[in-house]
Amino acid sequence: MTHTTIAVLVGSLRSDSVNRKLAENLRDQAPEGVTVELVDGLGEIPFYNEDLDNPVDIPAAAERLRKEVGAADRVLAVTPEYNGTMPAVLNNAIDWLSRPYGAGALVGKPFGVVGATPTPYGGKWAHADTARSAGIAGAVVVEDVTVSQSALEVDVLTDPDVLDRLNAAVRTLVDYDTTLAA
């Protein structure tokens, strides 16, 4: 059996974030043969600036992000929605991961987006924007790996249907046949 590693980018910096808790739940409930690793330190990464992106003195947090995501087999964003789009910290992470152009850490990696937000739409716009940005950065967006859940409707941390859909999304991401993207 092959071992699969999923790097998780959490779009919220709050320590008590519902999405961080969902990501931790996915890590703790990972299927056999799967390691789910939360990529920490996104708030430490400076806004992307090509002047900072050089091999001599790239910011350590950006280099760590690229190494962690580069070493993973799959990438999953777990994110809320801020003002109808993805949080700036997630957008910035994708910007750093998209470089160098055509050879960034996301290139060719299966990518999915899940999460919850306390709005009636459950974060669907943020998730669509995240998927679009990751796809432009070279990731292979796995369309069946998306869960946009309104935290107004249910307790997303305990609702069995929500948890089943999140775990199913992880299994779909793991089972994605990378030869389809070739």
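Within segment 42-60, residues that are surrounded by 10 or more Cβ atoms within 10 Å (Cβ to Cβ) sit with their Cβ atoms under 7 Å from residues that are in a loop (DSSP other than H, G, I, E, B) and charged (D, E, K, R), at 6+ positions apart or across chains, in these pairs: Asp53/Arg99. Is there a residue in segment 110-130 that is within 12 Å of the chain's Cα centre (by Cα), in a loop (DSSP other than H, G, I, E, B) and crowded, with 17+ Cβ neighbours inside 10 Å? So far as segment 110-130 goes, no, none of its residues is within 12 Å of the chain's Cα centre (by Cα), in a loop (DSSP other than H, G, I, E, B) and crowded, with 17+ Cβ neighbours inside 10 Å. Counting only residues that are in a loop (DSSP other than H, G, I, E, B) and touching a Pro at 6+ places or on another chain (Cβ under 9 Å), segment 15-34 holds 1 of them. No other residue among Leu38, Leu52, Leu42 is of a type in the set (A, V, I, L, M, F, W, C) and over 17 Å from the mean Cα position of the chain (by Cα) apart from Leu52.
Being under 13 Å from the mean Cα position of the chain (by Cα) and among the acidic types (Asp, Glu) is not true of Glu63. Quick check on segment 113-120. Is at least one of its residues within 17 Å of Ser133 (Cα to Cα) and modelled with pLDDT of 95 or more? Checking segment 113-120: at least one residue is within 17 Å of Ser133 (Cα to Cα) and modelled with pLDDT of 95 or more. Looking across segment 131-140, the residues that are surrounded by fewer than 20 Cβ atoms within 10 Å (Cβ to Cβ) and either within 11 Å of the chain's Cα centre (by Cα) or assigned to a helix (DSSP H, G or I) (or both) come down to Arg132, Gly135, Ile136. For Arg27, indicate whether it is at pLDDT 95 or above and either out of contact with any Asp or Glu (no Cβ under 8 Å at 6 or more places or on another chain) or among the aliphatic types (A, V, I, L, M) (or both). For Arg27, the condition - at pLDDT 95 or above and either out of contact with any Asp or Glu (no Cβ under 8 Å at 6 or more places or on another chain) or among the aliphatic types (A, V, I, L, M) (or both) - is not met. The residue list Val75, Val89 contains one member that is within 11 Å of the chain's Cα centre (by Cα) and either among the charged types (D, E, K, R) or not in a loop (DSSP other than H, G, I, E, B) (or both), which is Val75. Asp95 fulfils the conditions (1) modelled with pLDDT of 95 or more; (2) crowded, with 21+ Cβ neighbours inside 10 Å except for a single criterion, (2).
The values are calculated or read from the model by the stated rules, or taken from the named source; none is laboratory data. On a predicted model such as this, the values are computed, not experimentally measured, just so you know. Glycine also receives a Cβ, built like all others from the backbone with ideal geometry; neighbour counts cover every protein chain displayed.
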